[in-house]
Amino acid sequence: MRHQTPLGGEDLDAYDGALRLTRATGDEEFSTMSSGAETIEHPDAGEVVWRDDAGVTCRRWNWRQCYRTRLTGETTNAIFICDVLDVEPGDGEQRATEVRDALCEALEAVSPGVTLTSRIL
């Protein structure tokens, strides 16, 4: 909230293959919750999505995470994705560093001894 940046966390062990940012064809499966039950939706053709080999893991850049890769109390290996764009021309990398540092600080506060690895793409 402090950085006004979309941030999502997912269970890395629930992934099937590599995570990638792409445009949807519209045929991919996206597992979500609707009225308390797991359901399958499909993204719009051309929509920007995160996906793995099994389907879409997050829709609309980083707005809606799927049910399959959600964080749970049993999650021990997580990935957090922040979609940081420039606010002012050329400030994206600095903003990404600030968001990453704030997230790492928060994770260390709630989980002392956590092992963190990060990279900015």
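For helix 92-110, report the angle its Cα long axis makes with the longest principal axis of the Cα atoms of the chain; keep it between 0 and 90° and round to the nearest 10°. Taking Cα atoms only, the helix is inclined about 90 degrees.
Any idea what the dipole of the range 48-121 comes to, in debye rounded to 20, about its Cα centre with Lys/Arg Cβ at +1 and Asp/Glu Cβ at -1? The dipole of the range 48-121 has a size of about 500 debye. Its relative contact order, with pairs defined as Cα atoms under 8 Å and 6+ residues apart, puts the chain at 27 percent.
Ellipticity at 222 nm from helices only: DSSP H runs of n ≥ 4 in the chain, each -39500 (n - 2.57), divided by the residue count, give -5500 deg cm²/dmol. Where does the charge balance sit around Thr76 when Lys and Arg score +1, Asp and Glu -1, over other residues with C-beta under 11 Å from its C-beta? Residues close to Thr76 contribute a combined charge of -3.
In terms of the Cα gyration tensor, with a ≥ b ≥ c the square roots of its eigenvalues, is the range 56-95 rounded because a/c is under 1.5, prolate because a/b exceeds b/c, or oblate?
In terms of gyration-tensor shape, oblate.
If a/c stays under 1.5 just call it rounded; otherwise compare a/b with b/c (prolate if a/b is bigger, oblate if not). Do that for the chain, with a ≥ b ≥ c from the square roots of the Cα gyration tensor eigenvalues. Here the chain falls in the oblate category. With all protein chains kept in place, the per residue accessible area of the chain amounts to 65 square angstrom at a probe of 1.4 angstrom. A full extension of the chain between Asp91 and Trp63 corresponds to an added length of 7.9 nm, given 0.36 nm per residue minus the alpha carbon distance.
For the options Glu47, Glu74, Glu98, a Gaussian network treatment of the chain with springs between C-alpha atoms closer than 10 Å singles out Glu74 as fluctuating the most.
The values are calculated or read from the model by the stated rules, or taken from the named source; none is laboratory data. What you see is a predicted model, and the numbers here were worked out from it, not measured in a lab. Neighbour counts are summed over all protein chains in view; Cβ atoms, including those assigned to glycine, are modelled from backbone coordinates with ideal geometry. What goes into the accessible areas is simple: the full protein's heavy atoms, side chains included, and nothing from ligands, DNA or RNA. Shrake-Rupley method; radii C 1.70, N 1.55, O 1.52, S 1.80 Å.
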